[in-house]
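Colleague: One structure coming up, written as structure tokens, with questions to follow.
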Amino acid sequence: MTIEHDEFEGIRLSIVNMDDKKSVELTRQAMKTHAAGEILNKALIPAMEAVGDDYEQGRKFIPEMLLAAEAMNAALALLKPELTRSDVKKAGRVVMGTVEGDVHDIGQRMVCIMLEGAGFEVHSLGADVPTLEFVKAVKDMSPDILGMSALLTTTAPRMKGVIESLRKEGLRDRVKVMVGGAILNQKLADEYGADGYAPDAASAARLAKTLLDNPGA
Ligand code: B1M
């Protein structure tokens with residue numbers, strides 16, 4: 001194994017082993033020689049995939065998933081300043097949240113960070129966001145884009161509810177709607193009436209730019 005692989009593997013293992021002190025220490029070390037984006041893609045995201053596999057195989061349970069998520073978030077907080085450093089003028093305003101009934105917020109945080117890095121002003125409503133709160137945020141903050149995340153089969157259809165509520169309130173034409181999350185795909189996004197779907201945080205930032213560059217799309 002090369003030294004580089006050792007470093008990423010160490011961070012990955014510290015998250016899988018739910019050790020937030022270690023994940024912070026190793027991430028800090030890795031940042032001396034690697035870009036934040038590389039650490040995110042080669043260590044943090046694979047770590048959460050491994051945690052998901054462990055859960056599916058019955059090797060981890062909910063409390064352990066939570067602790068792993070904390071170790072991941074602690075490392076992510078270190079990467080954030082570098083990922084969001086952007087000298088470009090604001091590309092647009094985004095309101096983001098995970099839909100009601102769904103507490104998964106790690107992916108959504110990553111998307112927020114990548115959007116900030118791409119020059120967007122981002123307001124995160126957090127996780128478990130009721131439909132009416134999304135609608136109110138669109139009314140009050142006039143974002144260019146509303147982003148919604150969902151990781152559960154049971155909660156993803158709430159995106160459709162939010163989009164319908166925006167329509168009822170006469171707000172749908174004022175905002176582009178972008179959706180994502182592990183169980184989403186283009187077909188579901190179309191079915192829910194979203195303007196765009198992105199499979200990961202980097203493509204979410206690209207999609208946001210495309211949506212604003214092609215307002216008629
Ligand atoms: Co939960 N969980 N979980 N969980 N959890 C999943 C999602 C699951 C796939 C695990 C499994 O069974 N294999 C499964 C869902 C199955 C399904 O519905 N099809 C599941 C389940 C069932 C549950 C509970 C119901 C378990 C229970 O209680 N019995 C429960 C639900 C609680 C609730 O929400 N009401 C639950 C709870 C939890 C924890 C609280 C313990 C914890 C979340 C902690 C937190 O987020 N603060 C947790 C975790 C950690 C996971 C896994 C292991 C990891 C999720 C994650 O953070 N991934 C997950 C298994 C897995 O995904 N393999 C699982 C890393 C993250 C970077 O990826 O969020 O996909 P992701 O985001 C990506 C892209 O999807 C995209 O960009 C991100 C970065 O590239 N993206 C967007 C995300 N949002 C986007 C928005 C966009 C564009 C792109 O535009 C707006």
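Colleague: Relative contact order of the range 3-85: what whole-number percent is it, with Cα pairs under 8 angstrom and at least 6 residues apart?
Modeller: Working: 90 pairs, mean separation 34.6, N = 83.
Value for the range 3-85: 42 percent.
Colleague: Let me ask something additional. To the nearest Å, what is the center-to-center distance of the range 125-148 and the range 6-65, using C-alpha atoms only?
Modeller: The range 125-148 and the range 6-65 have Cα centres separated by 30 Å.
Colleague: Taking amide H atoms as placed 1.01 Å from N in the peptide plane, list the residues 5 or more away in sequence, or in a different chain, whose amide H sits under 5 Å from that of Y197.
Modeller: For Y197, the qualifying residues are V179.
Colleague: Once both labels are modelled 7 Å past Cα along the beta-carbon direction, what's the K90-E70 spacing in nm?
Modeller: 3.5 nm
Colleague: Moving to a separate point now. Could you put V95, V111 in order, starting from the residue whose Cβ has the fewest other Cβ atoms within 10 Å? Don't jump to the answer; show the numbers that get you there.
Modeller: On the way: V95 24, V111 27.
With the fewest neighbours first, V95, V111 line up as V95, V111.
Colleague: Name the residue from A156, T98, V122 whose Cα lies farthest towards the positive end of the charge dipole of the chain, charges +1 on Cβ of Lys and Arg and -1 on Cβ of Asp and Glu.
Modeller: Of A156, T98, V122, it is V122.
Colleague: Take the Cα atoms of the range 93-213, build their convex hull, and give its volume per residue in Å³. Display every interim value, and only then the final one.
Modeller: Details: hull volume 9.9 nm³, N = 121.
With only Cα atoms used, the range 93-213 gives 82 Å³ per residue.
Colleague: Here is a follow-up. Describe numerically, in nm with one decimal, the distance between label points set 7 Å from Cα along Cα→Cβ at L132 and at D200.
Modeller: 3.9 nm
Colleague: Something else: May I ask you to derive the relative contact order of the range 79-217, considering only C-alpha pairs under 8 Å and at least 6 residues apart, and to give it as an integer percent? Please report the intermediate quantities before stating the final value.
Modeller: On the way: 269 pairs, mean separation 34.2, N = 139.
Rounded, it is 25 percent for the range 79-217.
Colleague: Amide H to amide H, which residues 5 or more places from K60 or on other chains are under 5 Å from it, using H placed in the peptide plane?
Modeller: Distant-sequence amide H within range of K60: Y55.
Colleague: Per 10 Å bin, what is the whole-percent P(r) computed from every C-alpha pair distance within the chain?
Modeller: 8, 33, 34, 19, 5, 0
Colleague: Once all Cα-Cα distances of the range 3-85 are split into 10 Å bins that start at 0, what whole-number percent is in each one?
Modeller: Once binned at 10 Å, the Cα pair distances of the range 3-85 give 21, 53, 22, 4.
Colleague: Further, regarding this structure: What ranking do F61, F120 get, fewest neighbouring Cβ atoms within 10 angstrom at the top? Before the final figure, lay out the partial values.
Modeller: Details: F61 10, F120 27.
In order of increasing Cβ crowding within 10 Å: F61, F120.
Colleague: Determine the calculated [θ] at 222 nm for the chain from helices alone, applying -39500 (n - 2.57) to every DSSP H run no shorter than 4 residues and normalising by the residue count; nearest 500 deg cm²/dmol. Let's see the in-between values first.
Modeller: On the way: 10 runs with 118 residues, N = 217.
-17000 deg cm²/dmol, from helical runs alone.
Colleague: Now for a different question. Per residue of the range 96-112, what does 6.51 cos²θ - 1.76 cosθ + 1.60 with θ = phi - 60° give for ³J(HN,Hα)? Whole Hz please, x for Gly and Pro, Karplus curve as stated.
Modeller: 10, x, 9, 5, 4, x, 10, 9, 5, 10, 5, x, 4, 4, 5, 4, 4
Colleague: Let me ask you something else. Pull up all non-local amide H partners of A127: gap of 5 or more, or a different chain, and H-to-H distance under 5 Å with H placed in the peptide plane.
Modeller: Here the answer is T98, since their amide H atoms fall under 5 Å of that of A127.
We did not get these values from a lab; they are worked out from the coordinates using the rules stated. Note that the coordinates shown come from a computational prediction; the quantities given were computed from them, not determined experimentally. With ideal geometry, Cβ positions are generated from the backbone for all residues, glycine too; neighbour counts draw on all protein chains shown.
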